[in-house]
Amino acid sequence: MDAMGLGNKVAKPAAEPFVKLPPSKRVNVAEEYQKRSGEKPKLNLVVIGHVDAGKSTLMGHFLYDLGQVNERTMRKFERDSQKIGKGSFAFAWVLDETGEERDRGITMDIATNHFETEHRQFTLLDAPGHRDFIPNMISGTAQADAAILVVDASTNAFEAGFDAGGQTKEHAVLARSLGVQQLIVAINKLDMADWSQDRFKEIEAKLGAYLYQVGFRKSNVIFVPVSGLTGENLVKRSEIAQLTSWYKGPSLVEQIDKFDAPTRLLDKPLRMRVTDFFKGGIGSSGGVSVAGNIESGTVQVGEQVMIVPGNEVGFVKTMQVNEEPATWAAAGDSVLMTLVNLDIMNLSNGCVLCTGAKPVPVTSTFEAQIVVFDIRIPITPGYPVVLHHGSLDEPASVIKLIEIIDKSTGEVTKKNPRCLSKGMTAKIQIRLSQRPIPLETFKDNKQLGRIMLRKDGETVAAGVVNEILTFGS
């Protein structure tokens, strides 16, 4: 068995001839990136929230108002949704791409779109809200620089999403645990509450208190009243007297335009989590296509890259960045590239693209510092979990409880505790049950060093990797 448990290696197909670029032909990516940075900075924006909060309708209407969807397509969505008696779904269909998503009226996978504001360029990730699709939501949010949390202001709907069993709290915690610091709360369907300031303030107070408690800074959380269905206060400031009598703030797009551009890790080794791969190259060329978001470093056409686990090596033949042809890509870019001289049988979900000189560690046992969430059964040694890391979800167990840490001072309050309960911060050891995975310490790479632990469909803890204890092959 190889490191990812893919079975015996098959004979490689005949390698496609490929000429590696000599150094003289290479692009100075740092220089090119500086030139490009003179343009609008690029951010990845994820939309999260409880199922039925209206995320897809909100962002579909938003993209339509920005001119990202042509009239003809929009009219077709309206006709098709009315035919099945679900006219209100038309805007959601801008983002929900599959027949099953449209039939069920829920987002199941991560949908991506691109749009620009006055000062920023965005890749929009629409994450599923339904409890069954939380792993997909984690995968999408792991790529995000900022988030919009959509809540439903209509009678009892906010409470259903926020209280026991609702996804609003879980999504907020997941977003913060995955490194998202900037958040807009879109208080949606406020037209259903007659644009009530009292209702807006009630939601802002309840949700705000929770968001600050789980680690969001007050200065980084902004509440905006909107209606996804009517399009009120999305792209243009509202002129409805009921709203303007008390709300003097920005529209959703104006607030999105104010997101801070993140610092990209260009000087770190290349790391790209592979979110999709398939046989055949871009256009009609041969090879293997891989897609993903570059977490750190740079890559360019002609370079040799390695896939971990498996240590499979190939060359970059062609590349697209944000769906446009390119010769290079850098941290923060969403990339599709064609690799040649590489066997697709050795690729798998969750593999990482890196360089042979500085490969990603592959491990089955590591130490992590975690924060325990609202759990019913305390965590004890041997506690089984599902470890989420990017798009990977792997069975694992907590094999050792090392120490409990005071969250505010960082001091150790207890060594070798017998159990961990709600709200505790602790150091633990985790062992994967089936196979080693690519993982890095948080100090080496913040994105590849974050983990999430779930059990029985609930998120039980989140944290960062402190130390890698065993190395896979």
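So which GluC sites (Glu not before Pro) in the range 230-323 are both in a DSSP loop and have at most 14 other Cβ atoms within 10 Å of their Cβ?
GLU239, GLU323
On full extension of the chain, what length is gained from GLU159 through GLN197, given 0.36 nm per residue of separation minus the C-alpha to C-alpha distance?
Roughly 12.0 nm would be gained on extension.
Report the accessible area of TYR247, computed with a 1.4 Å probe over the heavy atoms of all protein chains in place, in Å² rounded to the nearest 10.
Here the residue's solvent-accessible area equals roughly 30 Å².
Given the pairs LYS189/LYS218; LYS42/LYS317; LYS189/LYS248; LYS42/LYS407, which span a C-alpha to C-alpha distance of over 27 angstrom in this model?
Result: LYS42/LYS407 exceed 27 Å.
Taking the Cα-to-Cβ direction at GLU118 and at ILE240 and moving 7 Å from each Cα, how far apart do the two end points lie in nm?
For the pair GLU118/ILE240, the computed spacing is 2.4 nm.
Taking the Cα centroid of the range 322-356 and of the range 193-253, what is the distance between the two, rounded to the nearest whole Å?
Spelled out, the Cα-based centre of one part sits 39 Å from the other.
Net charge within 13 Å of VAL464 by Cβ-Cβ distance, Lys/Arg positive one each and Asp/Glu negative one each, not counting VAL464 itself? Could you put the intermediate results ahead of the total?
Values: positive: ARG176, LYS427, LYS443, LYS446, ARG450; negative: GLU367, GLU440, ASP444, GLU467.
With Lys, Arg at +1 and Asp, Glu at -1, the net is +1.
With every protein chain in place, what's the accessible area of HIS61 (1.4 Å probe, Å², nearest 10)?
Counting only protein heavy atoms, the figure is 10 Å².
For a Förster distance of 41 Å, can you work out the FRET efficiency between the beta-carbons of ALA205 and LEU469, rounded to the nearest 0.05?
0.40
Which net charge results when you count Lys and Arg as +1 and Asp and Glu as -1 among the other residues whose beta-carbon is under 12 Å from that of THR155? All intermediate terms of the calculation are to be shown ahead of the outcome.
Numbers: positive: LYS189, ARG199; negative: ASP152, GLU159, ASP194, GLU202.
Value of the local net charge: -2.
Beyond 28 Å between alpha-carbons counts as too far, so tell me which of LYS55/LYS201; LYS206/LYS422; LYS55/LYS279; LYS415/LYS455; LYS268/LYS400 fall in that bin.
Violating the 28 Å Cα-Cα cut-off are LYS55/LYS279; LYS268/LYS400.
Could you compute the net charge surrounding LYS169? Neighbours are other residues with a C-beta less than 9 Å from the C-beta of LYS169; K and R count +1, D and E count -1.
Working: positive: none; negative: ASP163, GLU170, ASP374.
Charge balance in the 9 Å sphere: -3.
Accessible area of ASP52, 1.4 Å probe, to the nearest 10 Å²?
110
Would you mind getting the accessible area per residue of the range 362-470, heavy atoms of the protein chains only, 1.4 Å probe, in Å²?
Computed with neighbouring chains in place, this is 45 Å² per residue.
Where Rh is the Kirkwood radius over the Cα pairs of the range 265-355, the temperature 4 °C and the viscosity 1.567 mPa s, what D in µm²/s does Stokes-Einstein return?
104
The values are calculated or read from the model by the stated rules, or taken from the named source; none is laboratory data. What you see is a predicted model; the values in this text were computed from it and never measured. Ideal geometry is used to build each Cβ from the backbone, glycine not excepted, and the neighbour counts take in all protein chains shown. For accessibility, only protein heavy atoms count, side chains too; no ligands or nucleic acids. Shrake-Rupley method; radii C 1.70, N 1.55, O 1.52, S 1.80 Å.
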